[in-house]
1. State whether the residues of segment 81-91 include one that is within 15 Å of residue 47 (Cβ to Cβ) and either under 11 Å from the mean Cα position of the chain (by Cα) or within 12 Å of the ligand (Cβ to nearest atom) (or both).
2. Kindly list the number of the only condition in (1) within 16 Å of the ligand (Cβ to nearest atom); (2) surrounded by 17 or more Cβ atoms within 10 Å (Cβ to Cβ) that fails for residue 11.
3. Take residue 94 and decide whether it is more than 16 Å from the ligand (Cβ to nearest atom), under 17 Å from residue 37 (Cβ atoms), in contact with a helix residue (DSSP H, G or I) (Cβ under 6 Å, 6 or more places away or on another chain) and modelled with pLDDT of 95 or more.
4. For segment 162-194, enumerate the residues that are at pLDDT 95 or above and either farther than 21 Å from residue 24 by Cβ or within 16 Å of the ligand (Cβ to nearest atom) (or both).
5. Within the group 106, 73, 112, which residue is surrounded by fewer than 21 Cβ atoms within 10 Å (Cβ to Cβ), in contact (Cβ under 8 Å) with a residue 24 or more places away in the chain and within 16 Å of the ligand (Cβ to nearest atom)?
6. Residues 57, 29, 2: which one is within 15 Å of residue 107 (Cβ to Cβ) and either away from the ligand (no atom under 16 Å from the Cβ) or free of Cβ contacts under 8 Å to residues at least 40 places away in the same chain (or both)?
Ligand code: MLT
């Protein structure tokens, strides 16, 4: 199985995802909202590009059947029924309803996942369940990070890293460099998810706008087994990918040929010379973004060592998998 992470929307554009399983991630806040809405019993979420498209589609539904939801600049869109706070999507508000959703970054990634052979939506709140779903697909996997106004988003990369780490710990996954870098961030933040409140630019901005409760809700890990999946042009509540009794995480999935014991990563001395340069930020760039200047020293291994450890888990596959692209020369 090949695993790639598109760390920014630019990395996702041009990816040929047919035949792949694609997973959209926008921890703050759109995919967390979609997971909450599905867990609250909505019928479907239809991601749309803008508020005009939402109003047009809403006119096709009978009154009461559909809700318009979304944000711009983090604030609710005037005239819409709901904003983009996961805390608003309660059973009372959304059960049995269709939701037309438009957000700044997240809905674009969800639409991107719609072009793949199979698609799902992940956030920190359901990350392990989505890893189980990904393993059950028996396809190559691409994680599409929504980013932050086109640039790198730390919380999305961390979520992608936790997801890929789970997948790679069970089956013989061939990771692209971007996926390996995300795994490094996932491992670094796995025991300090709360630090993202300060380390994430959008988290700081949301808090300044008075949405701290949303940030708290989005930074909770594995509170549901709900996996929203892509179905035609919508996202519907998928089967709960619950962990087999007595097992944490996706250790015993039948659909993936488990190769021997979980392989401990062999830390390479240095990033191998000539590693293919991926389109996205290089590991050092990711790191510089991940650990802002002047951050208080934290317990545990320095992030750079974590990242080095992350690159080429198991060190088995030469120079990293190629991202899914139609153009073989890329
Ligand atoms: C986005 O899609 O850019 C975010 O979900 C915006 C937000 O947090 O409301």
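The values are calculated or read from the model by the stated rules, or taken from the named source; none is laboratory data. Predicted model only: the values in this text are computed from it and were never measured. When we count neighbours, we look across all protein chains shown, and the Cβ atoms used for this are built from the backbone with ideal geometry, even at glycine.
1. Among the residues of segment 81-91, at least one is within 15 Å of residue 47 (Cβ to Cβ) and either under 11 Å from the mean Cα position of the chain (by Cα) or within 12 Å of the ligand (Cβ to nearest atom) (or both), which makes the answer yes.
2. (1)
3. Yes.
4. Once the filter is applied, which keeps residues that are at pLDDT 95 or above and either farther than 21 Å from residue 24 by Cβ or within 16 Å of the ligand (Cβ to nearest atom) (or both), segment 162-194 yields only 194.
5. One residue alone meets the criteria, 73.
6. Step by step, each of 57, 29, 2 is checked, and only 57 is within 15 Å of residue 107 (Cβ to Cβ) and either away from the ligand (no atom under 16 Å from the Cβ) or free of Cβ contacts under 8 Å to residues at least 40 places away in the same chain (or both).
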